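Quick notes on the structure that follows.
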C-alpha cells in the first residue's frame, strides 16, 4: 500500500464512531473481541467487521496468547494522519493571525470614530 493509500485507509477507518471507540479502548491496553464488543449494542460479527477494517488500515494488530487472540493498537498510522493534519496548522495559524490583525484594525478605527463623535 502506498503512503496516500495508507492515509486514505486510516481516515476511512476513523470515520466510524464505533471504530474510534474501539481504538480508544485499545489505547488503554489490549483486549479480546468479546471485551471490545461488550460496551456496544451490536453483534460480535459486527464488531469483527469493524476490527477487520481497523486491521486493514494497520491501526490494530492481532496477538496470540494460547487460545486468546487479543487486539492491540498500532499507533504509526495515527501518527502519519496526525502529521498530515499538522501541515494545515500553519495555514490556520496564519489565517487566525490575519484575522486578529484585522480585528485590531477595526477596534482602532471604531475607537477613533467614537473619539471624534465625542469632540
Checklist outcome for this item: Options [x] 14.7, 45; [y] 14.0, 40; [z] 23.9, 87 for Rg and Dmax of the Cα atoms in Å; the value derived from the coordinates is listed as [z]
Checklist outcome for this item: Largest fluctuation, 80, 13, 46 only, Gaussian network model of the chain with Cα springs under 10 angstrom, belongs to 46
Next on the checklist: Give me the extension gain from residue 85 to residue 28: residue separation times 0.36 nm, minus the current Cα-Cα distance, reported in nm with one decimal.
Outcome noted: 18.1 nm
Next on the checklist: Could you identify which residue out of 106, 14, 51 has the top mean-square fluctuation in a GNM of the chain using Cα springs shorter than 10 Å?
Outcome noted: 106
Checklist entry - Which whole-number percent gives the relative contact order of the stretch 25-107, counting Cα pairs below 8 Å spaced six or more residues apart? => result 26 percent
Item to check | Estimated 222 nm signal from helices in the chain, with DSSP H stretches of n ≥ 4 weighted -39500 (n - 2.57), rounded to 500 | outcome: -23500 deg cm²/dmol
Item to check | GNM result for the chain, Cα springs below 10 Å: residue of 94, 48, 82 fluctuating most strongly | outcome: 94
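So how much slack lies between residue 118 and residue 41, counting 0.36 nm per residue of separation and subtracting their Cα-Cα distance, in nm? Please list the in-between numbers first.
Numbers: separation 77, 0.36 × 77 = 27.72 nm, distance 6.62 nm.
Taking residue 118 through residue 41 to full extension adds about 21.1 nm, to one decimal.
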Checklist entry - Taking the simple approach of a point 7 Å from Cα along Cα-to-Cβ for both residue 62 and residue 102, what is their distance in nm? => result 5.3 nm
Item to check | For the stretch 63-103, the fraction of alpha-carbon pairs in successive 5 Å shells from zero, as % | outcome: 6, 18, 11, 12, 10, 10, 9, 7, 5, 5, 4, 3, 1
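No value in this document is a laboratory result; all are computed from the given coordinates. This structure is a prediction, so every number in the text was calculated from the model and none was measured. Cβ sites come from the backbone with ideal geometry, for glycine too, and all protein chains shown count toward neighbours.
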